[in-house]
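Report on the following structure.
The values are calculated or read from the model by the stated rules, or taken from the named source; none is laboratory data. All values derive from a computational prediction rather than experimental measurement. Cβ atoms come from the backbone with ideal geometry, glycine included; neighbour counts cover every protein chain shown. For accessibility, only protein heavy atoms count, side chains too; no ligands or nucleic acids. Shrake-Rupley method; radii C 1.70, N 1.55, O 1.52, S 1.80 Å.
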Amino acid sequence: MKHVLFAGVAVAALTAGLANAGSHLPFNPGEGDFNWESYEAYAAATDLGGEQVTVFGPWLGPDQVVIESVLAYFGEASGADVKYVGSDGFEQQIVIDAEAGSAPNVAVFPQPGLAADMARRGFLTPLAEGTAAWMAENYAAGQSWVDLGSYTGPDGSQSFYAFPYKADVKSLVWYIPENFEDAGYEVPQTMEELKALSDQIVADGDTPWCIGLGSGGATGWPATDWVEDMMLRTQPPEVYDQWVTNEIPFTDERVVAAIEDFGAFARNDDYVAGGAATAASTDFRDSPKGLFSSPPQCYMHRQASFIPAFFPEGTEVGANGDVDFFYFPSYEGKDLGSPVLGAGTLFAITSDSPGAHALIDFLQTEIAHEVFMAQQAGGFLTPHTGVNTDLYVDDTRKALGEILLNATTFRFDGSDLMPGGVGAGSFWTGMVDYVGGKDAAAVAAEIQSSWDALK
Amino acid sequence: MDNIAGTKSGLTWTVHISVFLLVALWLFPTVGLFVSSFRTADQIAASGWWSSLSAQERQLPAIRVEGDEDARDGMFVIEGRLFEAEDVEVSAWGTSSREPNAYDPDATADLGDGEALTVTADGSYVLTGPDSFEGQRLPRIFSTATTPPEFTFENYRNVLFDPSNREGMAKAFFNTLTVTIPATIIPILVAAFAAYALAWMDFPGRALLIAAVVALLVVPLQLALIPLLKFHNTIGIGKGYLGVWLAHTGFGLPLAIYLLRNYMVGLPRDIIENARVDGASDFQIFVKIILPLSFPALASFAIFQFLWTWNDLLVALVFLIDATGETTVMTKQIVELLGTRGGNWEILATSAFVSIAVPLLVFFAMQKYLVRGLLAGSVK
């Protein structure tokens, strides 16, 4: 028996090793509908001859496995020895490393605000000339992506520092189609219908929304997404741009109105599962689980495209699956089109080397996007218009990608664009105060005064 | 031992009871964490660990009918079980989220189009219909059932044996040892010499030096992170083991010197003076007399320093883990297992118990010195 057991372990260990070796490059070059020409062309043009390229980013766990597999293609094609390290404290760690002079070659920023800050202090190297032009041409709504990665350098001049790669769509409402069918509800097409549906659910004795703002030290950020979505749905995009740059103050009545519009959902005890008071203490990762309980704690959950990672195990996403999403609708009466709120991660060079620039070049190949698209973990979406969208791992992801490609108005998460002290500070805490019952105008005044203090 | 039953004073009982309460209070969260480490993420989200210990009647989330269909007597049939566990008892079930308890066990639900669904008390279901179910979305079953306690080793398997984690975990384990052992020994060596000098050698400014060491105890190490790393980079150490040993040594020294000096001062003066009279040098006194007598204090500080360096993440992140990621430590590896957005609770609970193993071993091996060392210098 013991021998059998040992043999079994040995076999398991061996096959595990094999499986591991196989996952190094998940798709064999030359096979499938990938754009291998872009890979071959890049490989022919690039030879780093074993140079080490270090990449530091925020992805961990399964996401790390996927980004490592994408970087493995870069290593294979260029001959570079590429190393990836992830950290959950990326924002602090990169600042310490840059200050002390031990930064990695390439850093992956989840927040443009932090990248802009580091560019201003001279820790980032501008990307090669022509990168911005490439992006404007090849990304959907290209100029807005270029703007996202363009910052003022230490000498006061504007350059393109950070390469956006991998995007999230935020304006989504998740729901369970069968629960809607059981209750006879229709997916709302306008904000007016959404509010009517919420009232209908309340009238039927149920609760429409699961809202969770908890996120440890970052508690409050899901509320900022709500407010930004409301801002885009009540005001033209120009006003949104003025708001995130503080050309119009936080105390402007249009901003306060957007906060109150969010409050119409989050501060209504009948609307929120567990009552409005629990929203701030419910973790955003646990909040969607209310959709799946029996009887359902709520019918809808507004959250970004990454949230399926926190659905119960085995949940299938899609029109015929267990759970689906609809676009967080806009007001029919306002005629502002279909604005989409999103976010993205940015690759920037923190320690200049030929390998770092070669990696940025690699991100411009179609294959760098396609091998990520075809994998489940990581929730990769790309605004690159030249890729084969059939390669998305499933139809849901493809539909999300389409939202990104077809957005009439695309705007980035405003709190990421604001200075860190506001966008990752007083805006978060202010929203927690607001949901807790504080007056919207008072909260806005506090946020504005913290912004003034940073100027 | 020689107490006869009934002669214990009330005070002894009070002490025992309060010790018991304190221990229970301390152990309570640990037990919760331990139970959670044997549960899946979905279980942790659905119910508290205390309710997982006994059979519970709960309204369960929907489970979708699945299985291969058979053609029988012109009808298509899908049979299956709702639960893998054997002794589950279904008390009510339904097919709509509006009426999750519409049917009793063994009742048959009419789903329309001639389709019918039956769920028995043990959780088996039979779905029958006149047409093939191929390509159709199969119905969901809501149930209220009494489920027995259910635990899994999956989390431990994931942390310790999963091919993608195993290698990293093993590497991190040895890296942590590489950090911890020198980072424990070096400060003890340095501090023992310093403590002897501060306790038994007369030189001008000794009191001031002791005061300076005590003052350094209150300096937070966060203050020194960036300047020290800059210094390491300037002198060419950079990020690496040497840097992290030096950092741990520096951050540990004030406490070590203070603790050992207080203990050594309390050693009997006669012995040391006798040795001096017999012609022993300071070094001989230190090695032959002071060191053996100070063993409890050395051991207790070793435990402190070992636990602190073992559990350390901050110093390792700043001084050790470079951009190649080759020198990752256990704490960092565990944080990585939590995932990008840090939601994997069950992994956290499990990793806590995996990483606690070595400190526990060290603690139990040396615990008899811990109390004596803790009291070092405070009582004579």
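A few points about this structure:
- Positive-end extreme of charge dipole, the range A:277-354 - chosen from A:SER294, A:TYR331, A:PRO308 (charges on Cβ): A:TYR331
- The Cα-based radius of gyration of the protein assembly as shown, divided by its Kirkwood radius, gives an Rg/Rh of 1.02.
- 0 to 90° range, to nearest 10: angle between helix A:440-454 axis and chain A longest Cα axis: 40 degrees
- With DNA, RNA and ligands ignored, accessible area of A:TRP145 (1.4 Å probe; Å², nearest 10): 10 Å²
- Leading residue at positive end of dipole, chain B (Cβ point charges), from B:VAL65, B:PRO139, B:SER164: B:SER164
- Charge dipole (Cα centre; +1 on Lys/Arg Cβ, -1 on Asp/Glu Cβ; no other charges) of the range A:308-442 amounts to roughly 380 debye.
- Interface residues of the range A:58-93, defined as those losing at least 30 Å² of solvent-accessible heavy-atom surface relative to the isolated chain (probe radius 1.4 Å), are listed as A:LEU60, A:LYS83, A:VAL85, A:ASP88, A:GLN93.
- Carbon and sulfur %, accessible surface of the range A:254-371 computed with the full protein complex present, 1.4 Å: 44 percent
- Kyte-Doolittle mean at least 0.5, axial Cα span of 20 Å or more - DSSP H helices of chain B: B:10-36, B:163-200, B:241-265, B:295-311, B:345-374
- Net dipole in debye of chain A [+1 Lys, Arg Cβ; -1 Asp, Glu Cβ; about Cα centre; nearest 20]: 940 debye
- Fraction of accessible area attributable to carbon and sulfur, the range B:157-374 (%, probe 1.4 Å): 70 percent
- Placed amide H near B:LEU111: partners under 5 Å, 5+ positions off or other chain: B:ALA116, B:LEU117
- Look at the dipole of the protein assembly as shown built from charges on Cβ: of B:ILE44, B:VAL15, A:ALA343, the Cα furthest out on the positive end belongs to B:VAL15.
- Ordered from largest to smallest accessible area (heavy atoms of protein chains, 1.4 Å probe), the residues A:LYS170, B:LYS368, B:LYS230 come out as B:LYS368, B:LYS230, A:LYS170.
- From phi via Karplus (6.51, -1.76, 1.60), per-residue ³J(HN,Hα) for the range A:297-313 in Hz, x at Gly/Pro: 6, 7, 10, 9, 8, 8, 7, 6, 5, 7, 4, x, 4, 9, 6, x, 4
- Projected onto their three principal axes, the Cα atoms of chain A cover extents of 69, 65, 41 Å, largest first.
- Interchain or long-range residues, amide H under 5 Å from A:SER171's placed H: A:LEU341
- Restraint check, A:LYS195/A:LYS289; A:LYS334/A:LYS398; A:LYS334/A:LYS438; A:LYS83/A:LYS289; B:LYS171/B:LYS230; A:LYS170/A:LYS398, Cα-Cα greater than 24 Å: A:LYS334/A:LYS398; A:LYS334/A:LYS438; A:LYS83/A:LYS289; B:LYS171/B:LYS230
- Dividing the convex hull volume of the alpha carbon atoms of chain B by its residue count gives 244 Å³ per residue.
- With all protein chains modelled, accessible area of A:ARG411 [1.4 Å, Å²]: 50 Å²
- Long-range amide H partners of A:PHE160 with built H, under 5 Å: A:LEU127
- Heavy atoms of B:LEU298 accessible to a 1.4 Å probe, total area in Å² rounded to 10: 30 Å²
- Rounded to whole Å, sorted largest first: equivalent-ellipsoid semi-axes of the range A:247-319, Cα gyration tensor: 28, 16, 10
- Between B and A, accessible area buried - total, square angstrom, nearest 100, 1.4 angstrom probe: 3500 Å²
- Charged side chains reduced to their Cβ positions (Lys and Arg at +1, Asp and Glu at -1) give the range B:157-374 a dipole of some 140 debye around its Cα centre.
- Note on exposure: A:HIS357, B:HIS16, B:HIS248 ranked by accessible area (1.4 Å probe, complete protein assembly) read B:HIS16, A:HIS357, B:HIS248, with the most exposed listed first.
- When B:PHE353, A:PHE362 are compared by accessible surface with a 1.4 Å probe, the order from highest to lowest is B:PHE353, A:PHE362.
- Tilt relative to chain A, helix A:90-100 - C-alpha long axis, 0 to 90 degrees, to 10: 50 degrees
- Fraction of the pair-distance distribution of the range A:203-261 above 19 Å, Cα-Cα pairs, percent: 40 percent
- Sites listed here are GluC sites (Glu not before Pro) in the range B:231-337 whose DSSP assignment is loop and whose Cβ has at most 13 other Cβ atoms within 10 Å: B:GLU326.
- Rounded accessible area per residue of the protein assembly as shown, 1.4 Å, Å²: 45 Å²
- Local net charge near B:VAL65, Cβ-Cβ under 13 Å (Lys/Arg +1, Asp/Glu -1): -3
- Reciprocal mean inverse distance between Cα atoms of the range B:55-147 - Kirkwood radius, Å: 13.3 Å
- Kirkwood radius and radius of gyration were both taken over the C-alpha atoms of the range B:157-374, and their ratio Rg/Rh is 1.05.
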